[in-house]
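This report concerns only the one structure given below.
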């Protein structure tokens with residue numbers, strides 16, 4: 001393997017970065033007092049095989065910002081490297097209590113409480129227009145599911161912060177008088193796919209789902225097991241001209257097939273139990289496709305989407321290395337001749353592997369790609385060069401890094 005870049009190849013930290021470091025100094029001092037890592041060099045030097053030039057700036061104990069160039073592209077981009085053994089927390093950020101809506105990554109980062117020491121964020125999942133700004137894949141924030149899973153991978157963080165990647169599913173049951181039927185969706189209403197919608201969906205049902213839907217009114221204070229609704233409910237009709245948005249503890253039963261409809265009567269008592277499988281993450285954002293699995297480039301990088309999607313574009317991706325201890329948040333600029341043309345899905349996977357990632361996932365790209373850092377005075381700045389001429393694009397959600405061990409909500 002080629003030798004790491006020597007220290008001499010790393011450029012001097014610019015004055016603006018020194019101001020940011022000074023703002024972080026009190027936090028660094030407090031961590032040193034407790035014996036946790038201080039502002040030191042990363043324990044994982046970046047190989048010459050990955051980049052041609054590199055500029056490194058420590059943001060906080062265990063968090064480094066790298067700016068890099070690869071002449072073969074040419075690619076230019078930024079990499080946020082996080083050592084999970086330091087005092088850091090990952091958070092999925094929506095900026096609203098429901099799945100609906102968009103905001104820039106800068107606004108999402110700026111909106112986090114200063115007490116949690118927000119350090120940086122990248123844009124996360126792709127989004128849809130109807131309902132507006134809903135993430136394409138699953139999103140979990142503080143153990144609460146906002147948008148439900150589809151057949152796409154997610155990047156998930158367990159309660160202890162351990163990262164993992166894969167495809168999650170909604171799995172549950174609806175117990176009726178005459179038997180039990182499976183629930184296969186949660187906060188992802190679809191025709192003929194039986195499931196529930198709770199208040200976190202934040203949107204009335206569309207015309208394809210509404211005609212067969214029913215209210216589920218709680219008969220007692222519902223339980224919440226791992227953030228999932230569970231309990232006994234009374235079935236009630238959905239008025240033709242009435243509301244169709246779940247609020248409070250009330251659920252909507254959607255995707256009812258004729259076979260299930262024949263077993264349901266208004267006024268019946270039913271039992272609902274739903275969860276995410278295989279586990280309920282603490283935080284999760286979606287992406288597409290998986291890029292690496294056990295250091296092997298996943299075949300989907302050559303088949304996901306159309307040829308234009310797989311071709312050179314601005315990209316955002318996340319890699320995990322060192323047994324889950326090292327997390328890499330990567331942004332590669334694109335669509336800017338003379339600065340950076342962008343990167344395809346396969347070269348992106350190979351770049352992350354060269355950076356040391358064992359597993360990796362592609363997030364939303366194009367004009368959405370943004371890596372933002374925040375100073376202690378609350379000001380934010382985008383450290384890459386976004387491709388939209390109008391500036392930073394509002395996105396569905398973001399993945400933030402906090403310089404605190406137990407972030408508040």
- Enumeration of residues in the range 341-353 that are part of a loop (DSSP other than H, G, I, E, B) and touching a residue at least 40 places away in the same chain (Cβ under 8 Å): 341, 342
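Quick one: how many residues across the range 354-364 are outside any loop (DSSP other than H, G, I, E, B) and more than 24 Å from residue 295 (Cβ to Cβ)? Spell out the reasoning first.
Keep residues of the range 354-364 that are outside any loop (DSSP other than H, G, I, E, B), which gives 354, 359-362.
Now drop any that are not more than 24 Å from residue 295 (Cβ to Cβ), which leaves none.
So the answer is 0.
Looking at 305, 378, 324 in this structure, which one is under 18 Å from residue 91 (Cβ atoms), at pLDDT 95 or above, surrounded by fewer than 18 Cβ atoms within 10 Å (Cβ to Cβ) and assigned by TED's automatic domain parsing to the domain that holds residue 136? Spell out the reasoning first.
Working: 305 fails: under 18 Å from residue 91 (Cβ atoms); 378 fails: at pLDDT 95 or above.
Residue meeting the stated conditions: 324.
For the condition surrounded by fewer than 24 Cβ atoms within 10 Å (Cβ to Cβ), out of contact with any helix residue (DSSP H, G or I) (no Cβ under 7 Å at 6 or more places or on another chain) and in a loop (DSSP other than H, G, I, E, B), what is the one hit in 338, 367?
Matching residue, one of 338, 367: 338.
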- Task: Would you mind listing the strands (runs of 3 or more DSSP E) fully within the range 186-302 where at least 2 residues are within 30 Å of residue 330 (Cβ to Cβ)?
- Result: 269-277, 283-286, 290-293
- Task: Determine which single condition residue 165 fails, assuming it passes every other condition in (1) more than 30 Å from residue 291 (Cβ to Cβ); (2) surrounded by 15 or more Cβ atoms within 10 Å (Cβ to Cβ); (3) at pLDDT 95 or above.
- Result: (1)
- Task: Looking only at the range 237-259, decide whether some residue is surrounded by fewer than 16 Cβ atoms within 10 Å (Cβ to Cβ), touching a residue at least 12 places away in the same chain (Cβ under 8 Å) and touching a strand residue (DSSP E or B) at 6+ places or on another chain (Cβ under 7 Å).
- Result: yes
- Message: Of the conditions (1) in a strand (DSSP E or B); (2) in contact with a helix residue (DSSP H, G or I) (Cβ under 9 Å, 6 or more places away or on another chain); (3) more than 30 Å from residue 377 (Cβ to Cβ), residue 100 satisfies every one except a single condition; which number is it?
- Response: (1)
- Item | Looking only at the range 200-226, and only at residues there that are surrounded by fewer than 18 Cβ atoms within 10 Å (Cβ to Cβ) and touching a residue at least 60 places away in the same chain (Cβ under 8 Å), the one that is nearest to residue 141 (Cα to Cα) | 226
- Query: Quick check, is residue 159 in a loop (DSSP other than H, G, I, E, B) and more than 30 Å from residue 318 (Cα to Cα)?
  - Reply: no
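Given the options 112, 119, name the one that is in a loop (DSSP other than H, G, I, E, B), modelled with pLDDT of 95 or more and assigned by TED's automatic domain parsing to the domain that holds residue 287.
Details: 119 fails: in a loop (DSSP other than H, G, I, E, B).
Answer to the check: 112.
The values are calculated or read from the model by the stated rules, or taken from the named source; none is laboratory data. Predicted, not measured: the structure shown is a model, and the values here were computed from it. Reconstructed Cβ throughout: ideal geometry from the backbone, glycine too, with neighbour counts over all protein chains shown.
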